[in-house]
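Enquirer: Structure provided below as structure tokens; questions to follow.
The values are calculated or read from the model by the stated rules, or taken from the named source; none is laboratory data. A quick note: this is a predicted structure, and the numbers were derived from the prediction, not measured. A quick note on method: Cβ atoms are made from the backbone with ideal geometry, for glycine too, and the neighbour counts reach across all protein chains shown. Surface accessibility is based on the protein's heavy atoms, side chains included, excluding ligands, DNA and RNA. Shrake-Rupley method; radii C 1.70, N 1.55, O 1.52, S 1.80 Å.
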Amino acid sequence: MRIALLQTAGDPANRPAANLDRLAAAAARAAAAGARLLVAPEMFLSGYNIGREAALAAAEPSDGPSARRAADIARDHGIALAYGYPERGERGRIYNSALLLDRDGETLLNFRKTHLFGDIDRAMFAPGEGTAELAQIDGLRLGLLICYDVEFPEVVRALALGGADLVIVPTANMKPYDAVSLFVVPARAFENELFVAYANRCGREGDLDYMGLSCVGDPQGGNLVLAGDGEELVLADLDPERLKAARVLGTHLPDRRPDVYRRLMPGG
């Protein structure tokens, strides 16, 4: 399956409608290039470093008007979509969420960021409770995480144990954390024998300087692709045979020793 990562600074005024126009244009380009899935960054619709009041104003339910427009984009171009947005949840809570739609515009997954990053996340969002749900596109089993989540080995391992072939990660990672693209994402892919698609923002937003470096971690080690630091539509081919070979060469999952890990825990 060919996938596309939209590395972008987004609309300068952080207008959801303008960013949906960007999504539509990228979907057209990606579909024309043969991609079956397009992944956009964390908080793509509204901007990330926007503060609580702006996040509240932009927040929508997972089936709100922006989701309906995104569903139209998916149907119009025949491509599955994943993108980040501020979600208005239960009891007025706002979540940093990501939505995965299939090529018919149907919602496959809605994930709420579980690990909040510093004051910037905690000032705006409630934490998600975590899920290891999977969806399926073109025979590949997919899970969703958001940005900082992928830096915790446990959550990627939970998806791997559930049978994930690909973990999609919309992100808004800033300098100087280039180690995530260069080392963490490839390590998560290698140690869990799956692909990891990491779609980052670029440019500046307030006091944040996003680094770009969108990438796809390879289950056999390293990155299949690694973007630069500017606007880019990154294409990657996920070969099931490569995945199969990685699971023959790498035996991390069957060789696990959960009994030992429990004893190593405090009080275990």
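Here is a yes/no grid of residues against (1) surrounded by 15 or more Cβ atoms within 10 Å (Cβ to Cβ); (2) more than 30 Å from residue 210 (Cα to Cα); (3) modelled with pLDDT under 95; (4) β-branched (Val, Ile, Thr):
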{"site": "225", "(1), (2), (3), (4)": "yes, no, no, yes"}
{"site": "228", "(1), (2), (3), (4)": "no, no, no, no"}
{"site": "236", "(1), (2), (3), (4)": "yes, no, no, no"}
{"site": "243", "(1), (2), (3), (4)": "yes, yes, no, no"}
{"site": "251", "(1), (2), (3), (4)": "no, yes, yes, yes"}
{"site": "260", "(1), (2), (3), (4)": "no, yes, yes, yes"}
{"site": "263", "(1), (2), (3), (4)": "no, yes, yes, no"}
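Enquirer: Do the conditions hold for residue 174, that is, is it aliphatic (A, V, I, L, M), within 29 Å of residue 29 (Cα to Cα) and in contact with a Leu (Cβ under 8 Å, 6 or more places away or on another chain)? Spell out the reasoning first.
Expert: Details: aliphatic (A, V, I, L, M): yes; within 29 Å of residue 29 (Cα to Cα): yes; in contact with a Leu (Cβ under 8 Å, 6 or more places away or on another chain): yes.
Yes; evaluated as a whole, the condition is true for this residue.
Enquirer: Could you go through segment 226-249 and let me know if any residue there is in a loop (DSSP other than H, G, I, E, B) and farther than 30 Å from residue 9 by Cα. If you could, list the steps in order and put the result at the bottom.
Expert: Of all residues in segment 226-249, those in a loop (DSSP other than H, G, I, E, B) come to 227-231, 238-239.
Adding the requirement that they be farther than 30 Å from residue 9 by Cα leaves none.
No, segment 226-249 contains no residue that is in a loop (DSSP other than H, G, I, E, B) and farther than 30 Å from residue 9 by Cα.
Enquirer: Now for a separate question. When residue 53 is evaluated against the numbered criteria (1) within 26 Å of residue 208 (Cβ to Cβ); (2) open to solvent by 10 Å² or more (accessible area, probe 1.4 Å); (3) touching a residue at least 24 places away in the same chain (Cβ under 8 Å), which criterion, by number, is the only one it fails?
Expert: (3)
Enquirer: Shifting gears a bit: Can you tell me which of 46, 66 is farther than 27 Å from residue 228 by Cα and polar (S, T, N, Q)? So that I can check it myself, show each step before the final result.
Expert: Working: 46 fails: farther than 27 Å from residue 228 by Cα.
Step by step, each of 46, 66 is checked, and only 66 is farther than 27 Å from residue 228 by Cα and polar (S, T, N, Q).
Enquirer: Yes or no: residue 36 at pLDDT 95 or above, farther than 18 Å from residue 198 by Cα and open to solvent by 40 Å² or more (accessible area, probe 1.4 Å)? Before you say what the answer is, go through the steps one by one.
Expert: Working: at pLDDT 95 or above: yes; farther than 18 Å from residue 198 by Cα: no; open to solvent by 40 Å² or more (accessible area, probe 1.4 Å): yes.
Against the criterion (at pLDDT 95 or above, farther than 18 Å from residue 198 by Cα and open to solvent by 40 Å² or more (accessible area, probe 1.4 Å)), residue 36 does not qualify.
Enquirer: Hey, another quick one. From 76, 21, 72, 63, which residue is in a loop (DSSP other than H, G, I, E, B), open to solvent by 40 Å² or more (accessible area, probe 1.4 Å) and of a type in the set (Asp, Glu)?
Expert: Values: 76 fails: in a loop (DSSP other than H, G, I, E, B); 21 fails: in a loop (DSSP other than H, G, I, E, B); 72 fails: in a loop (DSSP other than H, G, I, E, B).
Among 76, 21, 72, 63, only 63 is in a loop (DSSP other than H, G, I, E, B), open to solvent by 40 Å² or more (accessible area, probe 1.4 Å) and of a type in the set (Asp, Glu).
Enquirer: From the residues in segment 127-169 that are β-branched (Val, Ile, Thr) and within 25 Å of residue 93 (Cα to Cα), which one is surrounded by the most Cβ atoms within 10 Å (Cβ to Cβ)?
Expert: Quick first cut of segment 127-169, residues β-branched (Val, Ile, Thr) only: 131, 137, 146, 150, 155-156, 167-169.
Add one more test, that the residue is within 25 Å of residue 93 (Cα to Cα), and what stays is 131, 146, 150, 155, 168-169.
Working: 131: 18, 146: 28, 150: 23, 155: 20, 168: 28, 169: 33.
So the residue we want is 169.
Enquirer: Then there is this: Residue by residue through segment 95-112, note down the ones that are touching a helix residue (DSSP H, G or I) at 6+ places or on another chain (Cβ under 9 Å), touching a residue at least 40 places away in the same chain (Cβ under 8 Å) and open to solvent by less than 10 Å² (accessible area, probe 1.4 Å).
Expert: Across segment 95-112, the qualifying residue is only 96.
Enquirer: Could you go through segment 172-182 and let me know if any residue there is more than 16 Å from residue 109 (Cα to Cα), over 16 Å from the mean Cα position of the chain (by Cα) and in a helix (DSSP H, G or I). Before you say what the answer is, go through the steps one by one.
Expert: Quick first cut of segment 172-182, residues more than 16 Å from residue 109 (Cα to Cα) only: 172-182.
Within this subset, residues satisfying the condition of being over 16 Å from the mean Cα position of the chain (by Cα) are 175-179, 182.
Within this subset, residues satisfying the condition of being in a helix (DSSP H, G or I) are 179, 182.
Yes - at least one qualifying residue is present in segment 172-182.
Enquirer: Cβ contacts < 9 Å: first residue farther than 15 Å from residue 157 by Cβ, restricted to segment 129-142; second residue assigned to a strand (DSSP E or B) and open to solvent by 70 Å² or more (accessible area, probe 1.4 Å), any location; separation 6+ or different chain. Result?
Expert: 135/141; 142/136
Enquirer: Regarding segment 213-223, can at least one residue be identified that is at pLDDT 95 or above, of a type in the set (Asp, Glu) and surrounded by 13 or more Cβ atoms within 10 Å (Cβ to Cβ)?
Expert: Yes, that holds for at least one residue.
Enquirer: With respect to residue 180, determine if the residue is over 18 Å from residue 3 (Cβ atoms), of a type in the set (Val, Ile, Thr), touching a residue at least 24 places away in the same chain (Cβ under 8 Å) and out of contact with any Pro (no Cβ under 7 Å at 6 or more places or on another chain). Spell out the reasoning first.
Expert: Details: over 18 Å from residue 3 (Cβ atoms): yes; of a type in the set (Val, Ile, Thr): yes; touching a residue at least 24 places away in the same chain (Cβ under 8 Å): yes; out of contact with any Pro (no Cβ under 7 Å at 6 or more places or on another chain): yes.
Spelling it out, residue 180 is indeed over 18 Å from residue 3 (Cβ atoms), of a type in the set (Val, Ile, Thr), touching a residue at least 24 places away in the same chain (Cβ under 8 Å) and out of contact with any Pro (no Cβ under 7 Å at 6 or more places or on another chain).
Enquirer: Exactly one of (1) open to solvent by 40 Å² or more (accessible area, probe 1.4 Å); (2) farther than 22 Å from residue 241 by Cβ is unmet by residue 190. Its number?
Expert: So residue 190 meets the others, but not (2).
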